[in-house]
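Here the structure is laid out as structure tokens; the discussion comes afterwards.
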Amino acid sequence: MGLLVQKFGGTSVADSNKILAAARRAIQAHQRGDQVLVVVSARGHTTDELIELAREINERPPAREMDMLLSTGEQITVALMAMAVEALGVPAISFTGAQIGLVTDSFHTKARIRNISTDRVKAALGQGRIVIVAGFQGVDEDYNITTLGRGGSDTTAVALAAVLGASACEIYTDVDGVYTTDPRIVPEARKIDRISYDEMLELASLGAGVMHSRSIEFAKKYGVPIHVRSSLSDAPGTWIVAEADARRLGVPVNGAALAREEARITILGVPDRPGAVHRIFHTISKAAIVVDMIVQNVAVDGKAEVSFTVAKDDLPETLSAAEEAAGAVDADGVRHDANVSKVSVVGLGMRTHTGVATTMFEALAAEGINIQMITTSEIKISVLIERTHAAAALRAVHKAFLLDEIHAEAPQPFRPSPAGERPLKLVPLVASDADADLPRGMEDLVIAGVDLDETQANVALFGVPDEPGHAARVFRAIGDAGVMVDMIVQNVSLDGLTDLSFTVPRESAERAAEAVRPFGGTVAVEPELAKLAVAGVGMRTHTGVATAMFRALADASINIKLINTSEVRVNVGADRANGQLALACLRKAFRLDEA
Ligand code: ADP
Ligand code: ASP
Ligand code: MG
């Protein structure tokens, strides 16, 4: 007998008819012989309304009381759903997060799951009941109710599917799958029939609101196939699966995402010495703020600008942490911009296609949209732009990669491999008790490895005019010179001029430098670069990873020259002479030699 987890989002349980319809779906699966566990969200806009209500009473409600309040939304739904299933003649039982022993840390409103005890759920399933669990909530070690962050019911569902060894986790929502981008913003978006965990992780963490990104971390770590589908139809939706099972269309980009409400913080004049960057991010990660694009380009006159983005809501808290950090490292000051959005493209095919960045930058240039910051990784490119251009930018990029044309053919039927055949790596811990920067529990990050690449050189172009089209022209010229670009970093412009740096194979560094010389500004080639990458799951939501990486390098007195982050990797550039040493201390920091 198999076990299926079904999750119903807010719109899918908005009223009594929808709750009854969801109950019927659960019963259908039950009648096919599966054990069925249902996870539900709060009905309709309940969570938003509760937040609003709290704000009417207290501008800064205590986080603990916020969780006490928000968890009631899901508690209403579980009870109604259990009543619905019973009304349709099947035994059911509802549980809150606390009742099933879903234990989290104590970061109220953004708690992480530590562990889940399965006994009570298994007993109820064993009695033939349909088990209904409240999503989004848990309890900390002192029995305080916690919540997992907005959209967190997805994470509850996938985490339960993981610990119970479910055959799949079905996510029922108001769209019939994962689209190439948000269909509400770009109506030409197409449904994707199968997508890999890594691509979905990037898309979700870069703004595709259809899935909570932490749920995909669970899915990848524990090998849970996810089926995102509509609660209104029986049409097949989108399978989120391992790379081997994902579909290859031979295109570089599979999807695009927009994070509208971003804010950018820049720490000016950070002394270019070991440890400075670590101090900054350590201060910020202590406040449990998720830092997004981190950009540091090559220092000028011993000082570098470090910029990063956070969700706009986190700006006030981040600014206080940033001011504190800037003081601690003797930086020149802090600036910010609360009116920015981030547009990203994602695809496994980027690993093998060239010119992807150029296509993206040209699409934005054609719309007259200026690029403020750029970060790249193996499978994504992100740019920061002014918020007023957000939708136009997303549409332009979506079109440039022909996302309205690919994924057009009919989906092929797909069945995930049975649960027993998947690796069930339960609670793979990396952090040790001594590692204060790294948290502990089921949602811990998993480090897959550290890589050293000594074949690259860095080319920096200082003082290019910060205007629409500059990045497109630069990377077109490099592409025309036949040079493959790996990492691209552009920090925000402070005086109308901007700096762009990028890495290329060492033997083509001079050719790249020649190609960009006509653009004015100063060109600097740093031939001796070591690129170090830490790869794993949960790299971005765990601010601790970048921090732990920066600290390990600082402890070995290795200076960081370049930073580039993504959901699945953190890349830094250092002197090539320090490459082997850096590799050894990162392996040690992440305990890769002990496994
Ligand atoms: P639920 O309440 O069921 O969890 P959400 O509102 O969290 O539903 O997620 C569904 C919404 O996600 C869709 O209505 C859609 O507007 C949005 N969305 C954003 N990006 C995408 C995407 N790439 N594919 C599909 N939907 C997306
Ligand atoms: N009800 C919560 C929210 O609206 C959790 C969820 O729906 O996933 O964010
Ligand atoms: Mg959701």
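Residue-by-condition table, conditions (1) β-branched (Val, Ile, Thr); (2) under 31 Å from the mean Cα position of the chain (by Cα):
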residue: Leu3; (1), (2): no, yes
residue: Thr11; (1), (2): yes, yes
residue: Asp15; (1), (2): no, no
residue: Ala22; (1), (2): no, yes
residue: Arg32; (1), (2): no, no
residue: Val36; (1), (2): yes, yes
residue: Val39; (1), (2): yes, yes
residue: Asp48; (1), (2): no, yes
residue: Glu56; (1), (2): no, no
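Kindly check whether there is at least one residue in the stretch 44-57 that is surrounded by 20 or more Cβ atoms within 10 Å (Cβ to Cβ), in contact with a strand residue (DSSP E or B) (Cβ under 7 Å, 6 or more places away or on another chain) and among the β-branched types (Val, Ile, Thr).
Initially, the stretch 44-57 is screened for residues surrounded by 20 or more Cβ atoms within 10 Å (Cβ to Cβ), giving 47.
Retained after the next criterion (residues that are in contact with a strand residue (DSSP E or B) (Cβ under 7 Å, 6 or more places away or on another chain)): none.
Within the stretch 44-57 (the criterion being surrounded by 20 or more Cβ atoms within 10 Å (Cβ to Cβ), in contact with a strand residue (DSSP E or B) (Cβ under 7 Å, 6 or more places away or on another chain) and among the β-branched types (Val, Ile, Thr)), the answer is no, since none of the residues qualifies.
Among the residues of the stretch 115-124, which ones are part of a helix (DSSP H, G or I) and crowded, with 20+ Cβ neighbours inside 10 Å?
Start the filter on the stretch 115-124 by keeping residues that are part of a helix (DSSP H, G or I), which leaves 119-124.
Once the filter is applied, which keeps residues that are part of a helix (DSSP H, G or I) and crowded, with 20+ Cβ neighbours inside 10 Å, the stretch 115-124 yields Val121, Ala124.
Being in contact (Cβ under 8 Å) with a residue 60 or more places away in the chain and in contact with a Gly (Cβ under 8 Å, 6 or more places away or on another chain), is that true of even one residue in the stretch 290-311?
Taking every residue of the stretch 290-311 in turn, at least one turns out to be in contact (Cβ under 8 Å) with a residue 60 or more places away in the chain and in contact with a Gly (Cβ under 8 Å, 6 or more places away or on another chain).
So which residues in the stretch 8-39 are within 16 Å of ligand 3 (Cβ to nearest atom) and either crowded, with 22+ Cβ neighbours inside 10 Å or polar (S, T, N, Q) (or both)? Outline the logic, then answer.
Of the residues in the stretch 8-39, the ones within 16 Å of ligand 3 (Cβ to nearest atom) are 8-14, 18, 22, 38-39.
Residues satisfying the conditions are Phe8, Gly9, Gly10, Thr11, Ser12, Val13, Ala22, Val38, Val39.
Return the residues of the stretch 358-387 that are more than 18 Å from Thr181 (Cα to Cα) and either among the aliphatic types (A, V, I, L, M) or without any contact (Cβ under 8 Å) to a residue 12 or more places away in the chain (or both); say none if nothing qualifies.
Ala365, Ala366, Ile369, Ile371, Met373, Ile374
Only one residue in Gly149, Gly138, Gly177 is away from ligand 3 (no atom under 15 Å from the Cβ) and of a type outside the set (S, T, N, Q). Which one? So that I can check it myself, show each step before the final result.
On the way: Gly149 fails: away from ligand 3 (no atom under 15 Å from the Cβ); Gly177 fails: away from ligand 3 (no atom under 15 Å from the Cβ).
Being away from ligand 3 (no atom under 15 Å from the Cβ) and of a type outside the set (S, T, N, Q) holds for just one of Gly149, Gly138, Gly177, which is Gly138.
From the list Ile116, Ile130, exactly one residue is among the hydrophobic types (A, V, I, L, M, F, W, C) and over 30 Å from Glu199 (Cβ atoms). Which is it?
Details: Ile116 fails: over 30 Å from Glu199 (Cβ atoms).
When all the criteria are applied, what remains is Ile130.
For Ala162, indicate whether it is surrounded by fewer than 19 Cβ atoms within 10 Å (Cβ to Cβ), away from ligand 1 (no atom under 16 Å from the Cβ) and not in a loop (DSSP other than H, G, I, E, B). Lay out the reasoning, then the answer.
Numbers: surrounded by fewer than 19 Cβ atoms within 10 Å (Cβ to Cβ): no; away from ligand 1 (no atom under 16 Å from the Cβ): yes; not in a loop (DSSP other than H, G, I, E, B): yes.
When the stated conditions are applied, Ala162 does not pass them.
With the condition kept exactly as written, say whether any residue in the stretch 220-229 is more than 30 Å from Pro62 (Cβ to Cβ), within 15 Å of ligand 2 (Cβ to nearest atom) and modelled with pLDDT of 95 or more. Spell out how you get there, then give the answer.
Taking the stretch 220-229 first, the residues more than 30 Å from Pro62 (Cβ to Cβ) are 220-229.
Then keep just the ones that are within 15 Å of ligand 2 (Cβ to nearest atom); that gives 226, 228.
Narrowing the set further to residues that are modelled with pLDDT of 95 or more leaves 226, 228.
Within the stretch 220-229, one or more residues are more than 30 Å from Pro62 (Cβ to Cβ), within 15 Å of ligand 2 (Cβ to nearest atom) and modelled with pLDDT of 95 or more.
Answer yes or no: is there a residue in the stretch 231-244 that is more than 26 Å from Gly165 (Cβ to Cβ) and of a type in the set (S, T, N, Q). Don't jump to the end; show me each part of the working.
Keep residues of the stretch 231-244 that are more than 26 Å from Gly165 (Cβ to Cβ), which gives 232-233, 235.
Filter once more, so that each one left must be of a type in the set (S, T, N, Q): 233.
Among the residues of the stretch 231-244, at least one is more than 26 Å from Gly165 (Cβ to Cβ) and of a type in the set (S, T, N, Q), which makes the answer yes.
So Ile130 fits all but one of (1) within 19 Å of Ala288 (Cβ to Cβ); (2) in contact with a His (Cβ under 8 Å, 6 or more places away or on another chain); what number is the exception?
(1)
Which residues, taken from the stretch 511-535, are part of a loop (DSSP other than H, G, I, E, B) and within 16 Å of Phe462 (Cβ to Cβ)?
Here is the first cut: in the stretch 511-535, the ones part of a loop (DSSP other than H, G, I, E, B) are 520-521, 527-528.
Those that are part of a loop (DSSP other than H, G, I, E, B) and within 16 Å of Phe462 (Cβ to Cβ): Gly520, Gly521.
Taking the stretch 27-71, which residues are in a helix (DSSP H, G or I), in contact (Cβ under 8 Å) with a residue 24 or more places away in the chain and away from ligand 1 (no atom under 16 Å from the Cβ)?
Our first condition is that a residue be in a helix (DSSP H, G or I); within the stretch 27-71, this holds for 27-31, 46-57, 63-71.
Still in the list and also in contact (Cβ under 8 Å) with a residue 24 or more places away in the chain: 27, 29-30, 46-47, 63-64, 66-68, 70-71.
If the condition is that a residue be in a helix (DSSP H, G or I), in contact (Cβ under 8 Å) with a residue 24 or more places away in the chain and away from ligand 1 (no atom under 16 Å from the Cβ), then Ile27, Ala29, His30, Ala63, Arg64, Met66, Asp67, Met68, Ser71 are the ones that fit.
Which residues, taken from the stretch 81-107, are within 34 Å of the chain's Cα centre (by Cα) and buried (at least 21 other Cβ atoms within 10 Å of the Cβ)? So that I can check it myself, show each step before the final result.
Just the residues of the stretch 81-107 that are within 34 Å of the chain's Cα centre (by Cα), to begin with: 81-82, 93-107.
If the condition is that a residue be within 34 Å of the chain's Cα centre (by Cα) and buried (at least 21 other Cβ atoms within 10 Å of the Cβ), then Met81, Ala82, Ser94, Gly97, Ile100, Leu102, Val103, Thr104 are the ones that fit.
Looking only at the stretch 327-380, which residues are surrounded by fewer than 23 Cβ atoms within 10 Å (Cβ to Cβ), of a type in the set (Gly, Ala, Ser) and assigned to a helix (DSSP H, G or I)?
If the condition is that a residue be surrounded by fewer than 23 Cβ atoms within 10 Å (Cβ to Cβ), of a type in the set (Gly, Ala, Ser) and assigned to a helix (DSSP H, G or I), then Gly327, Ala328, Gly349, Ala363, Ala365, Ala366 are the ones that fit.
Yes or no: the stretch 258-270 includes at least one residue that is surrounded by fewer than 23 Cβ atoms within 10 Å (Cβ to Cβ), within 19 Å of Ala328 (Cα to Cα) and without any contact (Cβ under 8 Å) to a residue 40 or more places away in the chain.
No: zero hits.
Kindly provide the set of residues from the stretch 496-510 that are in a strand (DSSP E or B) and surrounded by fewer than 19 Cβ atoms within 10 Å (Cβ to Cβ), ordered by number. First the steps, then the outcome.
Looking only at the stretch 496-510, we keep the residues that are in a strand (DSSP E or B), and these are 497-505.
Scanning the stretch 496-510 gives Leu497, Pro505.
Out of Ser153, Ser106, Ser94, report the one residue that is within 21 Å of Cys169 (Cα to Cα), away from ligand 1 (no atom under 16 Å from the Cβ) and touching a residue at least 12 places away in the same chain (Cβ under 8 Å).
Values: Ser153 fails: away from ligand 1 (no atom under 16 Å from the Cβ); Ser106 fails: within 21 Å of Cys169 (Cα to Cα).
So the residue among Ser153, Ser106, Ser94 that is within 21 Å of Cys169 (Cα to Cα), away from ligand 1 (no atom under 16 Å from the Cβ) and touching a residue at least 12 places away in the same chain (Cβ under 8 Å) is Ser94.
So if I check each of Gly73, Gly44, Gly9, which one is modelled with pLDDT of 95 or more and in contact with a Gly (Cβ under 7 Å, 6 or more places away or on another chain)? Break it down stepwise before answering.
Working: Gly73 fails: in contact with a Gly (Cβ under 7 Å, 6 or more places away or on another chain); Gly9 fails: in contact with a Gly (Cβ under 7 Å, 6 or more places away or on another chain).
Just one listed residue meets the conditions, Gly44.
Looking only at residues in the stretch 165-190 that are more than 8 Å from ligand 1 (Cβ to nearest atom) and assigned to a strand (DSSP E or B), which one is surrounded by the most Cβ atoms within 10 Å (Cβ to Cβ)?
Cys169
Going by what's in this entry, would Ala257 be described as touching a Pro at 6+ places or on another chain (Cβ under 6 Å), modelled with pLDDT of 95 or more and within 13 Å of ligand 1 (Cβ to nearest atom)? Explain how you work it out, then say what you get.
Details: touching a Pro at 6+ places or on another chain (Cβ under 6 Å): no; modelled with pLDDT of 95 or more: yes; within 13 Å of ligand 1 (Cβ to nearest atom): yes.
So Ala257 fails the test.
Within the stretch 464-488, take every residue that is farther than 19 Å from Ala365 by Cα and not hydrophobic (A, V, I, L, M, F, W, C) and give me the one that is modelled with the lowest pLDDT. Full working, then the answer.
Our first condition is that a residue be farther than 19 Å from Ala365 by Cα; within the stretch 464-488, this holds for 481-487.
Imposing the further condition that a residue be not hydrophobic (A, V, I, L, M, F, W, C) reduces the set to 482, 486.
Details: Gly482: 89, Asp486: 86.
Here the answer is Asp486.
Counting just the residues of the stretch 511-545 that are hydroxyl-bearing (Ser, Thr, Tyr) and under 22 Å from the mean Cα position of the chain (by Cα), which one comes out surrounded by the fewest Cβ atoms within 10 Å (Cβ to Cβ)?
Within the stretch 511-545, the first condition is being hydroxyl-bearing (Ser, Thr, Tyr), and the residues that meet it are 522, 541, 543.
With under 22 Å from the mean Cα position of the chain (by Cα) added as a condition, the list becomes 541, 543.
Values: Thr541: 21, Thr543: 24.
Filtering first and then ranking leaves Thr541.
Note down all Cβ pairs under 6 Å where the first residue falls in the stretch 119-139 and is without any contact (Cβ under 8 Å) to a residue 40 or more places away in the chain, the second is aliphatic (A, V, I, L, M) and away from ligand 3 (no atom under 16 Å from the Cβ), and they're at least six residues apart or on different chains.
Arg120/Ile100; Ala124/Ile93; Ala124/Val131; Arg129/Ala92; Arg129/Ile93
The values are calculated or read from the model by the stated rules, or taken from the named source; none is laboratory data. This is a predicted model, so every value here is computed, not measured. Ideal geometry is used to build each Cβ from the backbone, glycine not excepted, and the neighbour counts take in all protein chains shown.
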